[in-house]
Amino acid sequence: MDDMQKTVIGILTGKAGLPPGPVTPEASLAEAGVDSMAVAVLAMVIEDEYGLVITEADLSANSTVADLAALIGRHLAAKA
């Protein structure tokens, strides 16, 4: 698991209130319990901590937790 995956899982379990068990890199967003509220929290934290604005629609379009982390990582790399 890479650092961004750990970060995303930490945000989803720590700030969005999801239970940690099902939130794994391979889990689909549905399996992990990622709902629209969790996506909104993730978007806000990513904006606050990294200065990235990623729309909730873009975040919701990913199929797994690892895909979410990869999307955020790509945005960070493009910003650098």
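The values are calculated or read from the model by the stated rules, or taken from the named source; none is laboratory data. A quick note: this is a predicted structure, and the numbers were derived from the prediction, not measured. Using ideal geometry, Cβ is built from the backbone for each residue, glycine included, and neighbour counts are taken over all protein chains shown. Keep in mind that these areas ignore ligands, DNA and RNA; they rest on the heavy atoms of the full protein, side chains included. Shrake-Rupley method; radii C 1.70, N 1.55, O 1.52, S 1.80 Å.
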Summed side-chain charge close to A77 - residues other than A77 whose Cβ falls under 15 Å, Lys, Arg +1, Asp, Glu -1 | 0
For the chain, give the magnitude of the charge dipole about the Cα centre (Cβ charges: +1 Lys/Arg, -1 Asp/Glu; no others), in debye to the nearest 20.
-> 100
Please identify, among A70, A43, A61, the residue showing maximal mean-square fluctuation in a Gaussian network model of the chain using a 10 angstrom Cα cutoff.
-> A61
Quick one: accessible area per residue over the chain, 1.4 Å probe, rounded to a whole number of Å²?
-> 53
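Taking 0.36 nm per residue of separation and subtracting the Cα-Cα distance, what length does fully extending K15 through T55 add?
On the way: separation 40, 0.36 × 40 = 14.40 nm, distance 1.80 nm.
Result: 12.6 nm gained on full extension.
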Given a cut-off of under 8 Å on Cα pairs at least six residues apart, what relative contact order in percent is computed for the chain?
-> 34
Residue-ordered couplings for segment 66-80, obtained by feeding phi - 60° into the Karplus form 6.51 cos²θ - 1.76 cosθ + 1.60 and rounding to whole Hz (Gly and Pro as x), are 4, 5, 4, 4, 5, 4, 5, x, 5, 5, 5, 5, 5, 6, 5
